[in-house]
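The values are calculated or read from the model by the stated rules, or taken from the named source; none is laboratory data. Fair warning: this is a prediction, and the values are worked out from it, not measured in the lab. Virtual Cβ from ideal backbone geometry, glycine too; neighbours counted across all protein chains shown. For accessibility, only protein heavy atoms count, side chains too; no ligands or nucleic acids. Shrake-Rupley method; radii C 1.70, N 1.55, O 1.52, S 1.80 Å.
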Number of protein chains: 2
Amino acid sequence: MKVLIIGGVAGGMSAATRMRRLSESAQIVVLERGAHVSFANCGLPYYVGGVIPKRESLLLQTPESLAARFRLDVRVRHEATAVDPVGRTVTVRELDSGREYVESFDELVLSTGASAVVARLPGVERALVLRDVTDVDRVVEAVGNARSAVVIGAGFIGVEMAENLVRRGISTTVIERGPQVLGPLDVEMAAPVAAEMRTHGIRLELGAEVSTIEADTVTLSDGSVVPADLVIMSIGVRPESGLAREAGLEIGSGAGVVVDDRLRTSMPHIYAVGDVVEKRDSVSGQSGLIPLANSANRQGRLVADVIAGLPAIDPPALGTAIVGVFGLTAAMTGWSEKRLRAAKRPFRVIHSHPLAHAGYYPDAAAMSLKLLVDPDTDQILGAQAVGADGVDKRIDVLATAMAGGIAASRLMDLELAYAPQFGSAKDAINMLGYMADNLRIGALRTIQWHELDEAISTGSHAVDVRTPEEFAAGSIPGARNIPLDELRARVEEIPAGPILVLCQVGQRGNSATRLLNQLGREAVNLDGGYRTWRAAGADRICR
Amino acid sequence: MKVLIIGGVAGGMSAATRMRRLSESAQIVVLERGAHVSFANCGLPYYVGGVIPKRESLLLQTPESLAARFRLDVRVRHEATAVDPVGRTVTVRELDSGREYVESFDELVLSTGASAVVARLPGVERALVLRDVTDVDRVVEAVGNARSAVVIGAGFIGVEMAENLVRRGISTTVIERGPQVLGPLDVEMAAPVAAEMRTHGIRLELGAEVSTIEADTVTLSDGSVVPADLVIMSIGVRPESGLAREAGLEIGSGAGVVVDDRLRTSMPHIYAVGDVVEKRDSVSGQSGLIPLANSANRQGRLVADVIAGLPAIDPPALGTAIVGVFGLTAAMTGWSEKRLRAAKRPFRVIHSHPLAHAGYYPDAAAMSLKLLVDPDTDQILGAQAVGADGVDKRIDVLATAMAGGIAASRLMDLELAYAPQFGSAKDAINMLGYMADNLRIGALRTIQWHELDEAISTGSHAVDVRTPEEFAAGSIPGARNIPLDELRARVEEIPAGPILVLCQVGQRGNSATRLLNQLGREAVNLDGGYRTWRAAGADRICR
């Protein structure tokens, strides 16, 4: 059996090595257009920043090492230019010599990945992208002579790039067309990341568009000019599906190759994996683009199992992602609120601001968590987290809970490792379960930060149950302060009519709301408290 | 409704506060024998060590704060001395005055906890235990004058105590009757913790018994004398079930109170939670003692739901536990290998030594993971981890996977957050899934460290596939070195007969074993490689 693999990075190389472990007799050929295989894509920004000091750290394998260990025929700078699905051949161009030749296959794996989207702008030829080792060499060279940089696009890669340019002492501006950084997150969860970036000297232009790129500046559509010895373009990626399209393979609405749950394309003996395919989404069941390194690696290994005749199935994808930004970490899994809203899918929202570990143990930093729940089934639809420590752990636990079909309210039952330096006796995750259960059984009613203005304008009385000191440091407009511990005695001070309760993070507000309800008052709790409301910028954008 | 709660720490106070949030009208009385309620048990060792500098950090609530916020009637230094389940009364002694009185109840919650087991030894009255704030005050006072200490018992608390005594500059000896520290873990997983303790100057006497405690020494049964200005007894806890027993409640074989999955005892209107009850084990389905703070907290809240008529169910327990020891963390969930072996339950073992995050990103430290799998159902039976970073995360993910019924081999599908500072594209957890799947489908055969001697003595040829440099630094006796990259060319050097493959952590060995199998050779891989074998002390104890 001859297995031909086009693309030698995450998906392709995982497929090749697993294929060899399953079959010593298979002939395995890997064609890679670029100069390197099996490199550490996700490390590229950190090499720019000097966090990863040595270039060779990025090169996990070479054609030679793969030949020695796995008897793979790896050909770099060899580009597949055409696929004949019927004749089962691929036309290959050797890029350095220009020579063309035809390679046959019994089974073909397309792992061509995705390429950076480049906006059509005057001067864009000066903009650099960051997808492979050749790109990073260019960026590192440019960084050496740069005092200023513009990063276009504030997605995960753009934010990582900005951080690493700052590490190199470069004055950096990030320009993002959308209203927030990290578009996949909801606005109130992304806001702390934007604040952290600004704290570290990054100039952030949100809701801004680049109109032209000049020799050492970038001009925005509002006419402002930003210094830019270096311009990085990171506005997204698109599947490298041209080869598949020309071969007549079915292409999906997102321009990715359509595959089934065994990674088979529409043509027999041709498979596709990684960023070039459309993946089935575990929340909607529909296909879409989820270009993530871990999923590419998993699919690569899995396609080898499929080719070897093992009963492997590619499960639907959650799209778990994470990014470190200076002292903060932001992560998510599943769907965001805005995505659910756009899909008109019903959902419940829970915000919390737990400590990463027990408050009585030193250095317990608060994080922000958000959980999205199906109100009919109690299914977890998505989660987001931002904070200093323990963010990765909580998102991994929630992604695992989603994979295991654990209902939101059953998060209360999870037995997570507790000692005071690692968590809390009722862990942040358990607390999400308690809140989900309270909402489910009607023991708690909440209101979201963006619903507050309407509640106030329709006659709700806002009661802030924090201490006078906390209240004095800032509250929502029109709120009166009755600390929780005095609420029983002072409830008569609140005029008749519905009550909107708030506290710092939502927890005291929960107790207060319960108390008011039982005293016969109509009351709802501001979900996530003053902190979520502030993080969302509601003090500025809601009035 | 009048709810009486006996015991005001984790379980009791969770019950009381949740009860109030569910019912403003209930009368809630909490009786606590000790001088403090709702204190941070798990922080006590760290207060001894000065990590938690202030004593008041341990006191999470006071009777006054609980009265103000939750209108609770909390009575410290009030001991319940008898329960009349039929008349529904409790006899109470006010410890400071000696006054006795009778308190009625509609519903009673027993949350009396567990007390430290104290061995009957000559001189034992000098030994201190560490269960509450009064205990910790005694220990802190004794520490002030001590230059040497003996900790009897190397369980989780004993190990934490030893670490914190060393922090205070005290020369510390830990004496443990069993052959290892952290008895709930398997020996090869506990061994790195013992090494870490010794590195930090702790004298560790394993397989040793104390025969007498003298004025400033401790004498072991072998006659050796250990300096001990201070003696801490931490050999375990037993349920404080005397009150329940005398009231005629059903008591289990472990001396804990028997409850059903709604935390009801054998008598109507009497409930029990926390360390005093026997919990249903999620692996065996049988009841036993699982004295853990997080479980007590969860049960406390849950019993209030039950009393309030909500359809709450207490799920079976995994017993997830964690401990930090200087630079190491050790954690576990579910069952250990030795426990499965003792129960004659079939299992598969997987050892791995993954990096906490991507190897190309700085400071990627290795950890050790162990997974126990039901060979018939692929169910995860237990997991253990020890290492510097990321141990808590991996155990939490595995505990969540167990709760969600995710099969061992499906761990490969989990979508865990990946950026190079947080994990790997194929995370340590995914890798466990791959290994479990390889074992399940027969794509890999392994041998455990303790089976190696027999394999060699029955004629297996040991082949070490690491580099010559690694081999030179130590290998198993009689192994020949053929680096993996040379194995295809040199396979003829291996004499006929079965082959035992080893490498550093098991991964290259897996590739080598697959290769040898496909070349028609009978081969098995040493699970966890040389590192697990060494960690187990097999170089010393197996020959």
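The translational diffusion coefficient of chain A, from Stokes-Einstein at 37 °C and 0.692 mPa s with a Kirkwood hydrodynamic radius over alpha carbon pairs, comes to 128 µm²/s.
Taking the helices alone, chain B has a mean residue ellipticity at 222 nm of -8000 deg cm²/dmol, built from -39,500 (n - 2.57) per DSSP H run of at least 4 residues and averaged over all its residues. Inter-chain Cβ neighbour count for B:421-431, averaged per residue, equals 5 (cutoff 10 Å, partner chain atoms only).
Quick one: Kirkwood hydrodynamic radius for the range A:352-473, alpha-carbon pairs, angstrom, one decimal?
Computed over Cα pairs of the range A:352-473, the Kirkwood hydrodynamic radius comes out at 15.9 Å.
For the range B:429-543, the relative contact order is 30 percent, taking Cα pairs closer than 8 Å that sit 6 or more residues apart in sequence and dividing their mean separation by the residue count.
The charge dipole of the range B:1-82, taken about its Cα centre with unit charges on the Cβ atoms of Lys, Arg (+1), Asp and Glu (-1) only, comes to about 120 debye.
Amide H contacts under 5 Å for B:Thr320: B:Gly334, restricted to partners 5 or more places along the chain or on a different chain, H placed in the peptide plane at 1.01 Å from N. When all protein chains stay in place and ligands, DNA and RNA are ignored, the 1.4 Å accessible-area order of A:Lys338, A:Lys54, largest first, is A:Lys54, A:Lys338. A dipole drawn for the protein assembly as shown from +1 and -1 charges on Cβ atoms has a positive end, and of A:Val90, A:Leu206, B:Leu60 the residue lying farthest that way is A:Val90.
Report the antiparallel proportion of the DSSP beta bridges in the protein assembly as shown as a percent, rounded to a multiple of 5.
Working: 98 of 184 bridges.
Antiparallel bridges make up about 55 percent of those DSSP assigns within the protein assembly as shown.
Note on A:Ile157: accessible area is roughly 80 Å² with a 1.4 Å probe, heavy atoms of protein only. Remark on A:Asp281: its backbone amide H falls under 5 Å from those of A:Gln286, A:Ser287, A:Gly288, A:Ala317, a criterion applied only to residues 5 or more positions apart or on other chains, H modelled at 1.01 Å from N.
Couplings for the range B:394-408, taken from phi via the Karplus curve 6.51 cos²θ - 1.76 cosθ + 1.60 with θ = phi - 60°, read 5, 5, 5, 5, 5, 5, 5, 4, 5, 4, x, x, 6, 5, 3 Hz in order; Gly and Pro are left as x.
Starting from the label point of B:Arg126 at 7 Å along Cα→Cβ, the same points in the other copies fall at 8.1 nm, in ascending order.
Give me the tail of P(r) for the range A:280-342 as a percent: Cα-Cα pairs with distance above 21 Å. Summing the P(r) tail past 21 Å for the range A:280-342 gives 38 percent. Placing a label point 7 Å from the Cα of B:Leu59 along the Cα-to-Cβ direction, the distances to the matching points in the other copies come to 6.5 nm, shortest first. Inter-chain neighbour count for B:387-398: the average number of beta-carbon atoms from partner chains within 10 Å of each residue's beta-carbon is 5.
Taking θ as phi - 60° and the Karplus parameters 6.51, -1.76 and 1.60, the scalar couplings of the range A:422-436 work out to 10, x, 10, 4, 9, 5, 3, 6, 4, 4, 4, x, 4, 5, 4 Hz in sequence order, x denoting glycine and proline. Within chain B, antiparallel bridges make up roughly 55 percent of the DSSP beta bridges whose residues both belong there. Projected onto planes of every orientation and averaged, the convex hull of the alpha-carbon atoms in the range A:330-416 covers 5.6 nm².
Taking Cα pairs under 8 Å and at least six residues apart, what relative contact order does chain B come out at, in percent? Walk me through the intermediate numbers first.
On the way: 1215 pairs, mean separation 59.8, N = 543.
That works out to 11 percent.
May I have the convex hull volume per residue, in Å³, for the Cα set of the range B:400-469?
On the way: hull volume 11.4 nm³, N = 70.
Output value, Cα hull per residue: 163 Å³.
Under a Cβ-Cβ cut-off of 14 Å, what is the net charge of the residues other than A:Pro53 that fall near it, where Lys and Arg count +1 and Asp and Glu count -1?
Numbers: positive: A:Lys54, A:Arg55, A:Arg167, A:Arg168; negative: A:Glu56, B:Asp363.
Residues near A:Pro53 contribute +2 overall.
Shielding of peptide A:401-414 by partners, expressed as the average count of other chain Cβ atoms within 10 Å per residue Cβ, is 5.
When the convex hull of the C-alpha atoms of the range A:4-72 is computed, what volume per residue in Å³ does it have? Before the final figure, lay out each step's value.
Working: hull volume 5.7 nm³, N = 69.
Convex hull of Cα atoms, per residue: 83 Å³.
Leaving ligands, DNA and RNA out of it, rank A:Cys503, B:Cys42 by accessible area with a 1.4 Å probe, largest first.
Numbers: A:Cys503 0, B:Cys42 35 Å².
Descending accessible area places them as B:Cys42, A:Cys503.
Would you mind working out the magnitude of the charge dipole of the protein assembly as shown relative to its Cα centre, with +1 at each Lys and Arg C-beta and -1 at each Asp and Glu C-beta, to the nearest 20 Debye?
On the way: 112 positive and 130 negative charges, 75 e Å.
Around 360 debye, computed over the protein assembly as shown.
As an equivalent ellipsoid, the protein assembly as shown spans semi-axes of 51, 40, 26 angstrom, where each value is the square root of five times an eigenvalue of the C-alpha gyration tensor, largest first. Both the radius of gyration and Dmax for the range B:454-509 are 10.7, 29 Å, in that order, over alpha-carbon atoms. Can you list the lysines whose alpha carbon sits under 19 Å from that of B:Lys279, skipping same-chain ones fewer than 8 residues off? Filter leaves A:Lys426.
Chain A has one residue whose beta-carbon comes closest to the axis relating it to chain B; that residue and its distance in whole Å are A:Gly404, 1. A quarter of the convex hull surface defined by the alpha-carbon atoms of the range B:124-235 gives 6.4 nm² as the mean projection. Sites listed here are GluC sites (Glu not before Pro) in the range B:108-165 whose DSSP assignment is loop and whose Cβ has at most 10 other Cβ atoms within 10 Å, and the list is empty. Between the amide H of B:Val74 and those of B:Val30, distances stay under 5 Å, these residues lying 5 or more places away or on another chain, with hydrogens modeled in the peptide plane.
Remark: the B:Arg168-B:Ala365 segment gains 68.1 nm on full extension, using 0.36 nm per residue and subtracting the alpha carbon distance.
Within 10 Å, Cβ to Cβ, of A:Gly300, how many net charges do the neighbouring residues add up to if Lys/Arg are +1 and Asp/Glu are -1? Around A:Gly300, the charge tally is +4.
The alpha carbons of the range A:217-277 stretch over 54, 19, 17 Å along the principal axes, in descending order. Rounded to the nearest Hz, the phi-derived 3J(HN,Hα) couplings of the range B:111-125 under the Karplus curve 6.51 cos²θ - 1.76 cosθ + 1.60 (θ = phi - 60°) are 9, 7, x, 9, 10, 5, 6, 10, 5, 7, 10, x, x, 5, 4, where x marks glycine and proline.
Please list the equivalent ellipsoid semi-axes of the range A:446-541, computed as the square roots of five times the alpha-carbon gyration tensor eigenvalues, in descending order and whole angstrom. Each step should come with its number before you reach the end.
Details: eigenvalues 72, 42, 27 Å².
Listed largest to smallest, the semi-axes of the range A:446-541 are 19, 15, 12 Å.
Distances, shortest first, from the label point of B:Gly87 to those at the same position in the other copies read 10.1 nm; the point lies 7 Å along Cα to C-beta.
Placing +1 on the Cβ of every Lys and Arg and -1 on the Cβ of every Asp and Glu, with nothing else charged, gives chain A a dipole about its Cα centre of roughly 380 debye.
Please compute, over every Cα-Cα pair in the range B:1-125, the percentage with a separation greater than 24 angstrom.
Numbers: 2731 of 7750 pairs.
Tail fraction, whole percent: 35.
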